[in-house]
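Asks: One structure, as structure tokens, below. Some questions next.
The values are calculated or read from the model by the stated rules, or taken from the named source; none is laboratory data. Keep in mind the model is a prediction, meaning the values are calculated, not measured. Backbone-built Cβ (ideal geometry, glycine too); neighbour counts: all protein chains shown.
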Amino acid sequence: MSFIDTIYEKARQNKKRIVIPECTNPSMMRSAVKAAADGTADILFVGDVGECKKTAVKNGIDLSGVTVISTTDTAYQEKLVAMYAALPKKILGKKYIANNISVPLFMALVMEAVGEADCTFGGLDTTTTEFVLAASGVLGLAEGVISPSGMLIMEIDGYKGTQGNIFGMSDGAINTEPTSNQLAGIAISSCDTYTALTNRESCCGLLSYSTCGSGDSPSVFRLREALEKAQTMRPDLKIDGEFQADAAIVPRVAAKKVTRESAVAGQANVLVFPDAAACNIATKLIQQFAPGRSYGPIYQGFGKPVLDCSRGDTEERIYDNIAFCSVMAAGEDK
């Protein structure tokens, strides 16, 4: 069974309510309707009901298997505002929530915050910045996290490494020049996300142009500080570095370059890059040159699960991401 097939199976075994604030985008609508029909998720669209139905008719989309929630339903919105105000932990005040509740993305996130939905999914009509700011404000961050982050799951066909062919790669989207504290949080979040999605133990390598002190520069110093902080915060996780990429994933190279004992060197399945540029470049090159599939970015570090797809995603990738939403939400239950 392929990796994505295991995700589909997990999603169907523990189906969750996925709220989508982009209900006039035909690609999003078709993928979401298919996910609902296949039992991957219960779909809740949020938006202008009239425009949603008009788009559905125009594109031959059957909405009978999904729920469409109106952004003009003032009674329901007042209920959401009151429920959010009653939360023991919240970021925004009641007045701010009330003033913005009719914005589809905002309303969807409030629904998730108060338990009316299990995961918020969007991104075709919303920028990453808009999505991250809204999610940070409404849902807040998980305990101990100072910044959210994003991880791509890369499934590389034909790769024969001892750690398998599924890698987590972080963070190519949100933290452009992360501090040592942010890098530590990214490493910890990425380990937890990888294990939740794959049921495999995570081995996280902090990547650099340097391996174990072969280079000295501010970026290397940040990684070393991040490693110390991450290991102190979560001694139960396998996190190590700084490693060059080959030393992180190839046992033969690790044996030559890493002279100290390491449970990660040569075995890494989670790769944390020193900055967004390095991660973004590396993952896009892999997508172009290596056969396989990529999923995400999976957003991490928020108080509740969210997923923001790329505006260029195909309907197949959107469908995959909805399944990831269900699995992430099920992991949140645990």
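Asks: Looking at segment 134-168 only, could you name the residues that are small (Gly, Ala, Ser) and either in a loop (DSSP other than H, G, I, E, B) or more than 13 Å from the chain's Cα centre (by Cα) (or both)? Break it down into steps so the answer makes sense when it comes.
Replies: Of all residues in segment 134-168, those small (Gly, Ala, Ser) come to 134-137, 140, 142, 144, 147, 149-150, 158, 161, 164, 168.
Scanning segment 134-168 gives Ala134, Ser136, Gly137, Gly140, Ala142, Gly144, Ser147, Gly158, Gly161, Gly164.
Asks: Pick out the one residue from Thr176, Thr195 that is surrounded by fewer than 16 Cβ atoms within 10 Å (Cβ to Cβ) and either part of a loop (DSSP other than H, G, I, E, B) or free of Cβ contacts under 8 Å to residues at least 40 places away in the same chain (or both).
Replies: On the way: Thr195 fails: surrounded by fewer than 16 Cβ atoms within 10 Å (Cβ to Cβ).
That would be Thr176, the only listed residue that is surrounded by fewer than 16 Cβ atoms within 10 Å (Cβ to Cβ) and either part of a loop (DSSP other than H, G, I, E, B) or free of Cβ contacts under 8 Å to residues at least 40 places away in the same chain (or both).
Asks: Also: In segment 107-130, which residues are assigned to a helix (DSSP H, G or I) and buried (at least 22 other Cβ atoms within 10 Å of the Cβ)?
Replies: From segment 107-130, those assigned to a helix (DSSP H, G or I) are 107-113, 128-130; that's our starting set.
Selection gives Met107, Ala108, Leu109, Val110, Met111, Glu112, Ala113.
Asks: Restricting to segment 284-319, and then to whatever is in a strand (DSSP E or B) and on the phi > 0 side of the Ramachandran plot, can you tell me which residue is surrounded by the most Cβ atoms within 10 Å (Cβ to Cβ)?
Replies: Step one: list which residues in segment 284-319 are in a strand (DSSP E or B), which gives 292-300, 302, 306-308.
Among the residues that remain, those that are also on the phi > 0 side of the Ramachandran plot are: 292, 296.
On the way: Gly292: 16, Gly296: 27.
Result: Gly296.
Asks: Looking at (1) within 27 Å of Ser190 (Cβ to Cβ); (2) surrounded by fewer than 18 Cβ atoms within 10 Å (Cβ to Cβ); (3) of a type outside the set (D, E, K, R), which one does Ala86 not meet, given that it meets all the others?
Replies: Failing condition for Ala86: (1).
Table: residues versus (1) buried (at least 19 other Cβ atoms within 10 Å of the Cβ); (2) charged (D, E, K, R); (3) outside the structural domain of Lys160 (by TED's automatic domain parsing).
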residue: Ala226; (1), (2), (3): yes, no, no
residue: Asp236; (1), (2), (3): no, yes, no
residue: Pro251; (1), (2), (3): no, no, no
residue: Arg260; (1), (2), (3): no, yes, no
residue: Val272; (1), (2), (3): yes, no, no
residue: Ala282; (1), (2), (3): no, no, no
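Asks: Among the residues of segment 68-106, write down those that are in a loop (DSSP other than H, G, I, E, B) and free of Cβ contacts under 8 Å to residues at least 12 places away in the same chain. Steps first, please.
Replies: First, the residues of segment 68-106 that are in a loop (DSSP other than H, G, I, E, B): 71-73, 86-93, 101-103.
The answer is Asp73, Ala86, Pro88, Gly93.
For every residue, the table says whether it meets (1) in contact with a strand residue (DSSP E or B) (Cβ under 9 Å, 6 or more places away or on another chain); (2) assigned to a helix (DSSP H, G or I).
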site	(1), (2)
Cys191	yes, yes
Leu206	yes, no
Gly215	yes, no
Val220	yes, yes
Glu228	no, yes
Gln231	yes, yes
Asp240	yes, no
Ala248	yes, yes
